[in-house]
Every structure is written in structure tokens, then in C-alpha cells.
Amino acid sequence: MPNELQISILKELRGTSKITVKELLQSHPETDPSDLKYSLRRLRETGIVKHIPDLGDMRRVFYRIATAQEFAEAQNLLSQGRHLQYSQLLSIFDGSI
């Protein structure tokens with residue numbers, strides 16, 4: 001099941017079109033940067049979060065919530081058990097992801 005940090009990240013992403021790690025760290029000052037990056041990576045692996053390179057500065061990456069189609073495509077790659085875990089996570093957001 002997703003941890004509190006992952007849920008907090010998703011709630012923040014839900015309120016914006018895209019965000020950087022630096023912006024997430026500013027809103028989570030008590031969080032270790034490596035923990036935040038790990039949580040983002042896990043969310044990306046499940047297909048819930050997408051990363052978009054900043055074409056103006058390739059060192060920077062934006063994150064956003066995946067569209068329904070992107071998420072569905074990612075679900076085809078997950079095992080059944082992981083699919084159920086993250087389907088539960090989506091229910092937290094009333095299907096609005």
C-alpha cells in the first residue's frame with residue numbers, strides 16, 4: 001500500500017498541472033530529499049505519475065499525474081497484485097486521476 005509521503009505527493013500534484021522536485025521539497029521541508037525522490041520513482045513505476053523533461057533546462061524534470069489512458073497502459077505492465085494495490089490508491093481520489 002502507498003505510504004503517507006506518496007499520498008501527500010499525489011494530493012499536491014492533483015492541485016497543479018506539473019511540479020518539480022525542488023518545489024515538492026519546499027512544500028515538504030521535513031522530508032529527506034532521497035525519500036521524496038524514492039517515492040516519486042515508485043509512483044512513476046506504477047504509472048500514476050509521469051515525468052516530463054524540461055526542454056529549456058534538461059537538468060530539470062517536471063512531474064504530473066498520469067492521464068487515465070497513460071495509467072491504463074502502465075497497468076498492463078504491472079503484476080496483478082501491484083495493480084490491486086494501486087487501484088486502491090486511486091480510490092482515495094474518487095476516480096478523478
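Please arrange Lys18, Lys11, Lys50 by counting, for each residue, the other beta carbons lying within 10 Å of its beta carbon, fewest first. Mind dumping the intermediate values first?
Values: Lys18 15, Lys11 11, Lys50 18.
The order, fewest Cβ neighbours first, is Lys11, Lys18, Lys50.
Give, as a single signed number, the net charge of other residues whose beta carbon lies under 15 Å from the beta carbon of Val21, with Lys and Arg counted +1 and Asp and Glu -1.
Numbers: positive: Lys18, Lys22, Lys37, Arg41, Arg42, Arg44, Lys50, Arg59, Arg60, Arg64; negative: Glu12, Glu23, Asp32, Asp35, Asp54, Asp57.
Spelling it out: positives minus negatives among the neighbours equals +4.
Read-outs throughout are calculated quantities, based only on the coordinates presented, and are distinct from any laboratory measurement. Note that the structure is a prediction, hence the values are computed from the model and not measured. Using ideal geometry, Cβ is built from the backbone for each residue, glycine included, and neighbour counts are taken over all protein chains shown.
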